1. For the pair Arg158 and Thr146, how long in nm is the line joining their label points, each one 7 Å along Cα→Cβ?
2. Write out the GluC sites (Glu not before Pro) in region 61-117 meeting two conditions: DSSP loop, and at most 13 other Cβ atoms within 10 Å of their Cβ.
3. Give me the number: length gained by fully extending Glu26 to Glu100, i.e. 0.36 nm times residue separation minus the C-alpha to C-alpha distance, one decimal in nm.
4. So, counting K/R as plus one and D/E as minus one, what does the shell of residues with Cβ under 12 Å around Ser136 add up to?
5. Would you please name the trypsin sites (Lys or Arg not before Pro) within region 45-139 that are DSSP coil residues with at most 15 other C-beta atoms within 10 Å of their C-beta?
6. Can you work out the accessible area per residue across region 75-118, with the rest of the protein chains kept in place, probe 1.4 Å, in square angstrom?
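The values are calculated or read from the model by the stated rules, or taken from the named source; none is laboratory data. Here the structure is a predicted model, which means the values were calculated and not measured. Quick reminder, even Gly has a Cβ in these numbers, built from the backbone with ideal geometry, and neighbours come from all protein chains shown. Note: areas computed on protein heavy atoms with side chains; ligands, DNA, RNA excluded. Shrake-Rupley method; radii C 1.70, N 1.55, O 1.52, S 1.80 Å.
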Amino acid sequence: MSDEDQTAEPRSAEPGSTPAGPQPEEIRFFGTTWVEHDGHYGLRRAGVALGALAAAAAGCFLLRFAYQGLEIAEVGGFVNLLVVVMFAICSAIAFRKTWEGFVRRPADPAREDALRSLKMIGFIGSLLAYFFRSLSEAPGEKLRRTEYETARGQYEKRRGARTGNPAARRKPKRK
């Protein structure tokens, strides 16, 4: 198989086997299994929840070592307090922004890009948001399901309005 064949989209054996209309958007770790809750959807949710929780715990463990390094260096109480407060605030903001991203699309994508570094510092908050959201649904499933159902409804409405071949219609007689 050539590189070209591997990078191209998969072709179905039967022409027209892909359903017409809008296709569901993929979710990280879930693909499109969120649509019908198939393909081990429950196991994937459990795996994402446990993985996010384990990664958050490992992150806290690493931050503890960093804090101990500051204590060993004897940088002072003010710097120690400043580091703890900074990570706490960044984690809270990252949690909130990640959680909001599961519910609605950002109004200003440029602002979200500007907050990327803050979200990286507060990575524990983002991981906890993934954990808590995975307990109820795939992270972002509700938003994508709403968008997908709206798009499908609009598509069906447009499809239903067009009946027959417009070229074959009789032209009304002019008076």
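1. 2.2
2. Qualifying residues, ordered by number: Glu74.
3. Value of the extension gain: 24.8 nm.
4. Net charge around Ser136: +1.
5. Answer by residue number: Arg104.
6. 68
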